[in-house]
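Everything on this sheet refers to the single structure shown next.
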Amino acid sequence: MAQAAAMAGNPRGTNKDVLVVAPAWVGDMVMAQSLIAELKRRSPGDAVDLLAPPYTAALGARMPGVRNTIPVGTQHGRFDLGARLRVGGALRPAAYGLAIVLPASLKSAIAPFAARIARRRGYVGEWRYGLLNEARRLDKKKLKRTVDRFVALAADVGEPLPAITPPALAHDPDQARTVALKLGLEDKRPVIALCPGAEFGPAKQWPAAHFAALAARLARAGFATWIFGSPKELPIGEAIAGLAAAHDKTVRVVNLAGRTTLIEAIDLLSQVAGVVTNDSGLMHIAAALKRPLVALYGSSTPAMTPPLGEAVRIIERALPCRPCFKRTCPLGHLDCLSLIPAAEVAEAIVTLVAAAAPA
């Protein structure tokens with residue numbers, strides 16, 4: 001834990017630096033940047049560090065306002081008490097004045113407690129009263145959006161919700177060009193990124209056949225299409241590419257799912273003309289990069305996790321069965337997404353990209 005040792009130097013009780021225990025979901029991690037922006041607005045001279053799971057830790061380097069990101073070497077979903085206690089012990093020399101614990105789990109509050117951080121703040125959950133000494137009850141009616149719930153933790157009890165600064169992510173155009181060269185991405189046409197995955201489950205995924213029909217329409221309109229996603233989305237990407245070619249043999253969809261790191265995806269996404277995505281982590285990344293964005297919602301709702309971008313179109317269907325917040329459609333038909341036609345999505349993204357183009 002060399003990073004923790006490097007942060008030492010302030011006597012306990014005088015340090016106002018903040019440790020934010022970050023979420024395990026990419027989308028939530030991106031929204032946590034709004035909390036960091038509020039913390040820096042209130043106390044520009046105080047440092048903010050992140051304690052993050054391995055999968056989301058990489059994002060810390062691209063989040064304005066973050067000094068250091070400290071990875072937690074634990075596997076997703078595992079309690080790993082010993083590892084969390086060791087992390088907390090290694091953090092003691094930093095003598096943080098405040099820890100803000102964003103996940104609602106018991107395990108996420110262990111390291112700040114073991115680090116003996118004087119003030120440990122978060123929402124009540126999983127019997128962690130002893131681990132948090134500034135536990136707050138979450139009013140879900142008052143704080144409907146996830147980003148509101150995060151930012152509210154920067155404020156004192158009883159204080160109105162601060163104005164929300166939309167999340168921002170830094171990107172590297174030079175690195176984007178390097179990655180594009182490495183992957184052989186030489187198409188001169190404007191690119192629309194397709195993000196067909198959703199880690200939560202298939203009830204948030206627009207059908208592959210619809211993405212394929214969209215790719216074919218975009219090709220006819222003069223756009224190239226690149227598919228982004230994790231290795232888990234590789235089969236979906238291959239299916240979309242194959243189905244798009246079946247629509248039109250001249251259509252070539254580039255499947256980048258599993259071929260980039262998360263940071264490489266950020267840099268490449270920063271250069272595309274527009275993005276079409278499910279409600280996913282990549283949706284929030286694209287919004288934070290200020291890309292023209294069409295977001296498709298199925299089992300979830302934008303009332304809770306909207307993309308906080310500048311040029312956003314949300315497409316959803318008002319059905320009595322949604323939002324159900326299920327991982328798979330409990331009725332077996334996925335009408336909430338299947339009833340969204342490719343033609344509507346194509347028109348929406350082309351319109352957004354045209355409006356964003358320089359005059």
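The values are calculated or read from the model by the stated rules, or taken from the named source; none is laboratory data. Please read all numbers here as calculations on a predicted model, not as lab measurements. Reconstructed Cβ throughout: ideal geometry from the backbone, glycine too, with neighbour counts over all protein chains shown.
Do we have residue 128 as modelled with pLDDT of 95 or more and either polar (S, T, N, Q) or more than 30 Å from residue 253 (Cβ to Cβ) (or both) here?
No: the conditions fail for residue 128.
Report, by residue number, each residue of the stretch 119-128 that is farther than 14 Å from residue 102 by Cα and crowded, with 18+ Cβ neighbours inside 10 Å.
none
So residue 104 fits all but one of (1) surrounded by 22 or more Cβ atoms within 10 Å (Cβ to Cβ); (2) under 21 Å from the mean Cα position of the chain (by Cα); what number is the exception?
(1)
If the requirement is being touching a Pro at 6+ places or on another chain (Cβ under 6 Å), surrounded by 16 or more Cβ atoms within 10 Å (Cβ to Cβ) and assigned by TED's automatic domain parsing to the domain that holds residue 330, which of these qualifies: 223, 200?
223 is the lone residue from the list that is touching a Pro at 6+ places or on another chain (Cβ under 6 Å), surrounded by 16 or more Cβ atoms within 10 Å (Cβ to Cβ) and assigned by TED's automatic domain parsing to the domain that holds residue 330.
Considering each of 62, 41, 86 in turn, give the residue that is under 29 Å from residue 260 (Cα atoms) and not assigned by TED's automatic domain parsing to the domain that holds residue 261.
On inspection, the qualifying residue turns out to be 62.
Tally up the residues in the stretch 328-359 that are in contact with a Pro (Cβ under 8 Å, 6 or more places away or on another chain) and of a type in the set (Val, Ile, Thr), please.
3
Does the stretch 129-139 include one or more residues that are under 21 Å from the mean Cα position of the chain (by Cα) and buried (at least 18 other Cβ atoms within 10 Å of the Cβ)?
No; the residues of the stretch 129-139 include none that is under 21 Å from the mean Cα position of the chain (by Cα) and buried (at least 18 other Cβ atoms within 10 Å of the Cβ).
Could you grab the pairs with beta carbons closer than 9 Å, sequence gap of 6+ or different chains, first residue in the stretch 133-145 and assigned to a loop (DSSP other than H, G, I, E, B), second one loosely packed, with under 12 Cβ neighbours inside 10 Å?
Short answer, once both residue conditions are applied: 144/303; 145/303.
Can you name every residue in the stretch 146-164 that is surrounded by 19 or more Cβ atoms within 10 Å (Cβ to Cβ) and part of a loop (DSSP other than H, G, I, E, B)?
153, 154
For residue 317, work out the one condition from (1) of a type in the set (Lys, Arg); (2) out of contact with any Phe, Trp or Tyr (no Cβ under 9 Å at 6 or more places or on another chain); (3) within 15 Å of residue 206 (Cβ to Cβ) it doesn't fulfil.
Result: residue 317 fails condition (2) only.
Determine, yes or no, whether residue 295 is closer than 27 Å to residue 178 by Cα and small (Gly, Ala, Ser).
Working: closer than 27 Å to residue 178 by Cα: no; small (Gly, Ala, Ser): yes.
No: the conditions fail for residue 295.
I need every pair where a residue in the stretch 287-302 that is farther than 13 Å from residue 321 by Cα has its Cβ under 8 Å from the Cβ of a residue that is among the hydroxyl-bearing types (Ser, Thr, Tyr) and part of a loop (DSSP other than H, G, I, E, B), sequence separation at least 6 or different chains.
Between residues of the stretch 287-302 that are farther than 13 Å from residue 321 by Cα and residues that are among the hydroxyl-bearing types (Ser, Thr, Tyr) and part of a loop (DSSP other than H, G, I, E, B), the close pairs are 289/270; 291/270.
State yes or no: is residue 145 basic (Lys, Arg), out of contact with any helix residue (DSSP H, G or I) (no Cβ under 6 Å at 6 or more places or on another chain) and at pLDDT 95 or above?
When the stated conditions are applied, residue 145 passes them.
Restricting to helices (runs of 4 or more DSSP H) lying wholly in the stretch 17-107: which have 3 or more residues that are of a type in the set (Lys, Arg)?
Helices (runs of 4 or more DSSP H) meeting the threshold: 26-42.
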